[in-house]
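Quick notes on the structure that follows.
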Amino acid sequence: MEYFDTFVSILGSAIRLSIPLLFTALAGLFSERAGIFDIGLEGKMLASAFAAACAAYWTGNAWAGLGAGIMVAIIFSLLHGFASITNRGNQIVSGVALNFIAAGLTIVLGTAWFNQGGRTGQVPPEGRFSGIVLPGAEMMRDVPIIGPLYANVISGNNILTYIAFLMVPLSWWVLYRTRFGLRLRAVGENPGAVDTAGVSVVWLRYRALIVTGFLAGFAGTYLSIAQSAAFINNMSAGKGYIALAALIFAKWKPVPVMFACLLFGFLDAFANFMQGKSLPMIGEVPVQIFQALPYILTCILLAGFIGVARPPKAGGVAYTKER
Amino acid sequence: MSTASVPLPAWINYGVIPLLNLVLAFFFSGLVVWAIGENPFDALNFLIQGALGRGDAIGFTLFYATSFIFTGLAVAVAFHAGLFNIGAEGQAYVGGLGAALVALSLDHYVPWYVTMPFAVIGAALFGAAWAFIPAWLQAKRGSHVVITTIMFNFIAATLMVYLLVNVFIVPGKMAPETRTFLAGGQLPKLDWLMALFGLKLGPAPFNVSFIIALVMCYLVWLLIWRTKLGYEMRTLGVSPTAAVYAGIPYVRTVIIAMLISGGLAGMMSLNAVMGASARLQVEFVAGAGFVGIAVSLMGRSHPVGIILAAILFGILYQGGADLSFEMPNITRDMIVVIQGLVIFFAGALEYMLRPAMVRLYQTATGK
């Protein structure tokens with residue numbers, strides 16, 4: 001029973017750690033399926049985390065924080081679009097640049113505004129998204145197996161967590177069951193065909209990037225005002241890249257994205273749990289192995305050793321109308 | 001008529017447009033400084049004073065520039081072959097392992113000039129080795145090199161932390177770093193070079209690796225524009241299909257280009273590990289690999305341009321440190337913003353001004 005309790009607690013923390021990955025990977029899904037590589041997910045997450053913390057601190061309203069987070073992430077997305085769609089610049093370079101701008105600007109502005117070495121002020125409780133206890137969680141707690149799972153894993157999360165899981169079927173529906181989604185996928189594979197059909201490639205790609213910004217805004221908001229109560233320097237700490245890895249690991253498909261994010265979140269939680277503990281028979285396993293595992297797995301996948309990861313065909317190429 | 005196909009003279013393409021992009025980047029940086037309530041012109045003044053005002057300031061500026069020349073060359077070589085190596089950061093990090101192993105094993109026995117060539121080889125070999133798997137994956141299995149090199153940056157970071165914490169740490173010490181190299185494992189400072197100009201180097205770690213960097217610039221120029229391999233790389237960069245049609249072996253060229261790129265990135269560690277701190281430390285690369293991207297873009301992947309851009313970023317790094325001292329409201333991270341804006345305007349928006357320039361040029365020349 002003791003093992004089971006530990007397992008439940010790791011599972012709970014895995015879910016909490018996978019939410020920012022899930023939002024970000026879904027964000028990347030929309031832009032990459034539309035043919036725009038987005039290395040800048042990390043920067044969007046960081047910038048929106050900062051904006052959300054500032055807005056929540058000043059207004060004391062979590063939803064205002066979310067709004068600010070989404071808005072800033074969309075602005076970053078549009079900048080990416082301006083460079084890579086309108087000016088046909090290199091998408092990777094633009095993403096790298098925006099990551100730097102976000103990393104620097106959050107600290108520069110944060111220090112100037114709050115004078116705490118890059119930290120924002122402590123967000124008051126009403127400015128945060130706190131856990132929601134689902135009905136019956138306390139009653140169920142004593143039921144063996146299902147009880148602790150329901151009380152500690154499914155219940156007690158904040159609203160953004162539930163929104164994240166709702167976004168998975170929603171993304172699937174938008175991508176595979178709407179006209180917008182069909183065209184979005186087409187523009188990532190063969191923009192010429194979409195253009196011939198009389199649909200604007202540019203406008204379609206911009207809309208995809210707006211969706212990307214919208215979802216990335218949730219991820220940043222989750223980091224700063226749901227998971228913690230302030231913005232801290234570089235708090236995304238590479239999560240944007242792990243999300244990118246998860247997106248590739250999931251072969252650019254929404255439902256597998258969820259499982260990939262849960263897997264990477266679980267690895268993260270397990271690494272935290274294993275810190276300083278030793279396994280029977282094997283001895284102490286270095287934490288670094290778990291930290292590196294998402295990246296190693298993604299490389300192995302990319303190499304084509306676990307199925308084939310085929311990126312959208314027109315990804316990374318700016319569309320030029322016939323001259 | 002579309003302006004994309006109109007040729008422009010080289011002085012506009014390589015002079016005016018990059019310069020205007022740089023001006024734009026600095027204009028927006030100035031806006032940020034202004035937005036936090038400081039005077040941008042004062043800030044610029046402090047920055048330049050801090051980077052070039054004294055002998056030791058120039059020493060620090062050139063020390064940073066040395067690292068950026070290596071990583072800039074690394075990104076540029078891959079770029080000529082049409083590959084975008086974002087992994088210079090990780091390759092430099094692992095390259096440090098090569099340099100440190102050489103320094104640790106030789107510093108007891110021989111003077112620095114015997115250690116140096118082995119250290120150069122060690123750093124380059126380890127850096128190249130770290131670039132090999134992404135290179136092989138790109139060449140053989142078609143995995144995008146951008147993604148794999150990003151992954152390898154993170155893998156390098158965890159690997160090096162593991163090695164420093166568990167293998168190289170000095171028993172009884174808390175800091176995860178190797179022991180300090182003796183004089184035989186250090187690269188001496190270039191105080192005599194500064195003295196030639198009547199400047200005192202002071203505590204600045206400006207060292208022999210600067211000369212190695214300049215030699216590498218020349219070798220890269222030779223490689224890219226004066227050898228068959230360089231020609232093949234450039235052909236591949238312009239058009240992979242044409243290259244394959246012309247009988248240029250794709251797999252071999254991609255792998256060699258990435259190995260050279262990784263080797264150059266690895267050599268950056270000579271400057272930081274053997275020239276400055278005399279020990280291998282966690283996170284010693286400190287973003288130099290990413291600055292290399294900016295430097296290569298600014299310098300248009302040409303060694304001369306790279307030297308100039310590296311010095312510019314050296315000025316930003318050193319001056320930025322001084323600036324944050326003079327204006328406590330502006331943190332050192334302002335240079336990260338400037339760096340991002342430079343990459344954005346000089347890299348991602350490099351074509352933005354082109355149509356306007358074409359129209360200007362056409363009016364001016366009356367065509």
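For the reader, a short list of remarks on this structure follows.
- Residues of the range A:81-101 that are more than 8 Å from every other protein chain (Cβ to nearest Cβ) and within 13 Å of residue B:340 (Cα to Cα): A:95 alone.
Here's the yes/no breakdown for (1) under 30 Å from residue B:346 (Cα atoms); (2) touching a Cys at 6+ places or on another chain (Cβ under 8 Å):
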| residue | (1), (2) |
| --- | --- |
| A:97 | yes, no |
| A:101 | yes, no |
| A:104 | yes, no |
| A:107 | yes, no |
| A:111 | yes, no |
| A:120 | no, yes |
| A:123 | no, no |
| A:129 | no, no |
| A:134 | no, no |
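- Verdict on residue B:96 being without any contact (Cβ under 8 Å) to a residue 12 or more places away in the chain and either of a type outside the set (Asp, Glu) or within 14 Å of another protein chain (Cβ to nearest Cβ) (or both): no
- Number of the condition not met by residue A:236 [criteria: (1) over 12 Å from residue A:20 (Cα atoms); (2) assigned to a loop (DSSP other than H, G, I, E, B)]: (1)
- The number of residues in the range A:299-318 that are at the interface with another protein chain (Cβ under 9 Å from one of its Cβ atoms) and at pLDDT 80 or above comes to 1.
- Any chance residue A:143 is over 22 Å from residue A:57 (Cα atoms) and part of a loop (DSSP other than H, G, I, E, B): yes
- Among residues of the range A:190-211, those that are surrounded by fewer than 21 Cβ atoms within 10 Å (Cβ to Cβ), in a helix (DSSP H, G or I) and in contact with a helix residue (DSSP H, G or I) (Cβ under 9 Å, 6 or more places away or on another chain), counted: 7
- Of everything listed in (1) away from chain A (no Cβ under 12 Å); (2) touching a Phe, Trp or Tyr at 6+ places or on another chain (Cβ under 9 Å), the single unmet condition for residue B:364 is (2).
- Criterion: free of Cβ contacts under 8 Å to residues at least 40 places away in the same chain, in contact with a Lys or Arg (Cβ under 7 Å, 6 or more places away or on another chain) and either surrounded by 19 or more Cβ atoms within 10 Å (Cβ to Cβ) or not hydrophobic (A, V, I, L, M, F, W, C) (or both) - qualifying residue of A:131, A:147, A:104: A:147
- Being closer than 20 Å to residue B:14 by Cα and either surrounded by 24 or more Cβ atoms within 10 Å (Cβ to Cβ) or of a type outside the set (Val, Ile, Thr) (or both) is a description that does not apply to residue B:290.
- Some residue of the range B:185-194 being farther than 21 Å from residue B:74 by Cβ, crowded, with 17+ Cβ neighbours inside 10 Å, modelled with pLDDT of 85 or more and in contact with a Pro (Cβ under 9 Å, 6 or more places away or on another chain): yes
- Top-ranked residue of the range A:158-193 - restricted to ones that are in contact (Cβ under 8 Å) with a residue 60 or more places away in the chain and of a type in the set (D, E, K, R), ranked as nearest to residue A:260 (Cα to Cα): A:185
Yes/no per residue for (1) at pLDDT below 85; (2) within 14 Å of chain B (Cβ to nearest Cβ):
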| position | (1), (2) |
| --- | --- |
| A:215 | no, no |
| A:229 | yes, no |
| A:249 | yes, yes |
| A:273 | yes, no |
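- Selection status of residue B:204, crowded, with 20+ Cβ neighbours inside 10 Å, part of a helix (DSSP H, G or I) and touching a helix residue (DSSP H, G or I) at 6+ places or on another chain (Cβ under 6 Å): no
- Residue satisfying all of: in the range A:102-158; on the phi > 0 side of the Ramachandran plot and within 14 Å of chain B (Cβ to nearest Cβ); modelled with the highest pLDDT among these: A:115
- Reported count of residues in the range B:131-180, each being within 13 Å of residue B:83 (Cα to Cα), free of Cβ contacts under 8 Å to residues at least 40 places away in the same chain and not hydroxyl-bearing (Ser, Thr, Tyr), is 4.
- Count of the range A:39-67 residues, restricted to those that are more than 8 Å from chain B (Cβ to nearest Cβ), under 25 Å from residue A:242 (Cα atoms) and either crowded, with 24+ Cβ neighbours inside 10 Å or modelled with pLDDT of 95 or more (or both), is 16.
- Restricted to helices (runs of 4 or more DSSP H) entirely inside the range B:1-97, those with at least 1 residues that are more than 30 Å from residue B:196 (Cα to Cα) and of a type in the set (Ser, Thr, Tyr) are B:17-35.
- Single residue of B:61, B:66 found to be touching a strand residue (DSSP E or B) at 6+ places or on another chain (Cβ under 9 Å) and among the β-branched types (Val, Ile, Thr): B:66
- Residue B:347 being modelled with pLDDT under 85 and surrounded by 22 or more Cβ atoms within 10 Å (Cβ to Cβ): yes
- None of A:10, A:15, A:92 is surrounded by fewer than 24 Cβ atoms within 10 Å (Cβ to Cβ) and within 25 Å of residue A:188 (Cα to Cα) except A:92.
- Among (1) more than 25 Å from residue B:184 (Cα to Cα); (2) crowded, with 17+ Cβ neighbours inside 10 Å; (3) in contact (Cβ under 8 Å) with a residue 40 or more places away in the chain, the one test that residue B:285 misses: (1)
- Residue in the range B:47-59 that is modelled with pLDDT of 95 or more, closer than 30 Å to residue B:327 by Cβ and touching a Gly at 6+ places or on another chain (Cβ under 8 Å) present: no
The values are calculated or read from the model by the stated rules, or taken from the named source; none is laboratory data. Owing to the predicted nature of the structure, the values given are computational and were not obtained by experimental measurement. Every residue, glycine as well, gets a Cβ built from its backbone with ideal geometry; the counts of neighbours run over all protein chains shown.
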